[in-house]
Amino acid sequence: MKFSKISIYTLLLAGLGISSCNRDEYSDTDSGLDTSVGEVSSVTFKASMGKQLSKSTMSRETGATKFEETDNLKVFPLQGDGAEFKYAGGNDDNTEAYFQGYIGSSNGYYAMLPYQEKASISGDVISMNLPTEQKDIYEELMVSYANSNDMAFQFKHVGAMVKFTTYKKYKKITIEATDGTKIAGDIQVKVSKNGGAPVVTGGTSSVVSIEREMETTDAVLITLKPGKIDAGQLKITFTKTDGSSFSHIIAKEMNFESGVMYTYGNVGQYKVTCWKDYTKSEKIFELYAADYENKHQLYLPTLPAPEGKMYGFSTMPNATTPQFTTIMNIDDNTEVYPVLCEGKTVTVYNNGNDAQPTVITGFANEQVKLPTIGLTAEEGYCYGYSSNKDDVILFKSGDMMQLLSNTTLYLVKKKLFTFNIFINGANEDPITETAIPTASGTIFTLPELPIINGKFGGYSKSANDQYFTYYEGATFTYDNLDGSPVTNFYAVYRDKVATSAPEAYTGFAGKTVGYTSMSGNAVSESVKVERGKCLEFTFTNHCGTSTSSSQRANNVGIILSADGNTNSQLKKEMRLDLSNYGQVMRTPENVTSSFLKNTNGAVITVQIYNNGGVADVVCSWTGSSDQKQYNVHYNNICTWDNLYVTFSVKNSYIEF
């Protein structure tokens, strides 16, 4: 009997698909298994697309993600060889699918899509191939992990995608990292068990291309290995159907990330011709510019010039001031002429202050890349650059520097700061980040925590703490971390209790409070926030716009108190000035904390945390006029044993 895709999916949802195939339907060759590993049985895996932009097939028109009936997985047990699993049905839009095959029992499984016969695994690292010659559509390399309890894969994309939209006919597009950075070929992919982004290393080719007949307004997708490519080192070549070609250099640094799509706009060509002088008797160069991020840009070549001088370019012959130096934006075929001008220099001692320095010459205000430091510092220290021999670090190895004047930089050695982030417990391996203290006030930011249902998370500097004192996204300057070069942060999770506002705040339940009929403040009933809990509520603000600015400054207040008494001495009253003027949230002492912009008519979510006697408040909203997302934290507001929350409203009204 033949089943349609929908009928198979329905059976699988009903629980009839698990281990439902006869062993005879698959030969040992089909399974691709080393059967000596353990008992082999029929297994069905559920697969879906993860939160990160990832896909098996992308619609060129909509960017939608879905599985295809031709998709096959390669699944690896924790020990043993991988096996091929074939598509066995999906939901209506194919964002979820089931895959069937034979494999030995295991406590967990790794998977990659599409199936590659030569792919192998070592621990949690899958070795696979990202083709250097890609045909009709980008290579949909994806990976995932599933435990034996749910047998469910949530796939994440391995590569970064570059999308081209053409308006001329081409037969080939080639991307090349001219500095030799590897962007394709044999790669190694470390798969996260907790759903994190894959970590991609390796690569054997600095060139990747796609060759097919490309029509006008066509969408062309190329997949690259994630990673950073320096400014001026990414070359894209377009080959037309007649065999001629032109190239374009990306003038900025590109940091390609897994599962992210980068758009290269409408691909066309404009010609830039440089003549020696107004007679046009000698052509210096002829180059082409292509469209990137809606700009036709040309990375201009460097012409030989006398020492200390540079050549710029102008559309006017005999000009004394250049219009263009390193990058040229054009919208038509253009003719230019060279302009000789004074250069700026930075003299860099990058191998010791007694060694021969490196001298970089560039245009005024140009960004230049500082050379790599040749010396290696001992563990716990690093080298950097300073304008004085014993000063703080101003620039790191390989930093970009703007040429404002002639400058000399010296090598300095400073102690490194190390941050260990223990997200999975004090006994698990941490995420380790290092940072260099600089005069620019570089700060460290705590990373986001994994989402856990019913919990909210933060960090403590003590292992196995019950309460946290720092939220994800909190930032620190290096000099306030106990003066230690190594700082440990431990993740702490607490229960999150969301209270429904209409039931909890009976003073406002089921109605609005209008400012025109008020003779004074309307005050809600006080609600207690238990220790280690979070109270969350959402309301829509309606500002009393006809009132004076002084009245608008007292529209809505959130009163935090130690005993529920709004007249208590132990209270903090936070006033939300919710007018269109983008005023401020104030404490009773009238100390400005942060601007709250565009909140008249906005839906505002407020979370109040009683983190072991320390109250923190987070306000989130979408600006009513600019549609931007705002998220403001107020940390360590009070330190009482008990915490109560009360609303007050004046000259305005709010809706729960």
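The values are calculated or read from the model by the stated rules, or taken from the named source; none is laboratory data. No experiment lies behind these values; they were computed from the predicted model shown. We place every Cβ from the backbone using ideal geometry, glycine too, and count neighbours over all the protein chains shown.
Scanning segment 292-350 for residues that are more than 20 Å from D277 (Cβ to Cβ), surrounded by fewer than 18 Cβ atoms within 10 Å (Cβ to Cβ) and of a type in the set (A, V, I, L, M) yields I327, I330. Of the residues examined, A290 is not one that is modelled with pLDDT of 90 or more and outside the structural domain of P226 (by TED's automatic domain parsing). Selection of segment 187-212 for residues being crowded, with 16+ Cβ neighbours inside 10 Å and either touching a Cys at 6+ places or on another chain (Cβ under 6 Å) or of a type in the set (V, I, T) (or both) yields I187, V189, V191, V200, V207, V208, I210. Among the conditions (1) surrounded by 13 or more Cβ atoms within 10 Å (Cβ to Cβ); (2) touching a Pro at 6+ places or on another chain (Cβ under 6 Å); (3) of a type in the set (S, T, Y), Y288 misses just one, which is (2). Residues of segment 205-229 that are more than 24 Å from T241 (Cβ to Cβ), without any contact (Cβ under 8 Å) to a residue 60 or more places away in the chain and assigned to a loop (DSSP other than H, G, I, E, B): S206 alone.
Evaluation of I249 against the conditions (1) out of contact with any Gly (no Cβ under 7 Å at 6 or more places or on another chain); (2) closer than 22 Å to Q367 by Cα shows that the sole unmet condition is (1). Taken over segment 232-259, the criterion of being surrounded by fewer than 16 Cβ atoms within 10 Å (Cβ to Cβ) and either among the β-branched types (V, I, T) or within 13 Å of K163 (Cβ to Cβ) (or both) is satisfied by T241 alone. Tallying residues that are assigned to a strand (DSSP E or B) and surrounded by fewer than 16 Cβ atoms within 10 Å (Cβ to Cβ) within segment 128-149 yields 3. Taken over segment 408-424, the residue count meeting the criterion of being surrounded by fewer than 17 Cβ atoms within 10 Å (Cβ to Cβ) and either in contact (Cβ under 8 Å) with a residue 60 or more places away in the chain or within 21 Å of the chain's Cα centre (by Cα) (or both) is 6.
Taking the criterion of being in contact (Cβ under 8 Å) with a residue 12 or more places away in the chain and more than 27 Å from E176 (Cβ to Cβ), the residues of segment 126-149 that qualify are S144, Y145, A146, N147, S148. With the requirement that a residue be of a type in the set (A, V, I, L, M) and in a strand (DSSP E or B), what does segment 371-419 give you? Correct list: I393, M400, M401, L409, L411, V412.
Restricted to segment 351-402, and to residues that are among the hydroxyl-bearing types (S, T, Y) and free of Cβ contacts under 8 Å to residues at least 24 places away in the same chain, which residue is surrounded by the fewest Cβ atoms within 10 Å (Cβ to Cβ)? Across segment 351-402, the extreme among qualifying residues is T376. When A177, A184, A152 are checked against the criterion of being small (G, A, S) and surrounded by fewer than 20 Cβ atoms within 10 Å (Cβ to Cβ), A152 stands alone in meeting it. The number of residues in segment 318-346 that are at pLDDT 95 or above and not aliphatic (A, V, I, L, M) comes to 3. Residues in segment 420-436 that are touching a Phe, Trp or Tyr at 6+ places or on another chain (Cβ under 6 Å) and outside any loop (DSSP other than H, G, I, E, B): I421, F422, E433, A435.
Considering segment 428-447, and only residues there that are modelled with pLDDT of 80 or more and over 17 Å from K193 (Cα atoms), the residue that is nearest to the chain's Cα centre (by Cα) turns out to be P447.
Within segment 617-656, restricting attention to residues that are over 18 Å from V556 (Cα atoms) and of a type in the set (D, E), the residue that is modelled with the highest pLDDT is D641.
Does G104 satisfy the criteria of being over 30 Å from T217 (Cα atoms), out of contact with any Phe, Trp or Tyr (no Cβ under 9 Å at 6 or more places or on another chain) and modelled with pLDDT of 80 or more?
Details: over 30 Å from T217 (Cα atoms): yes; out of contact with any Phe, Trp or Tyr (no Cβ under 9 Å at 6 or more places or on another chain): yes; modelled with pLDDT of 80 or more: yes.
Yes, satisfied.
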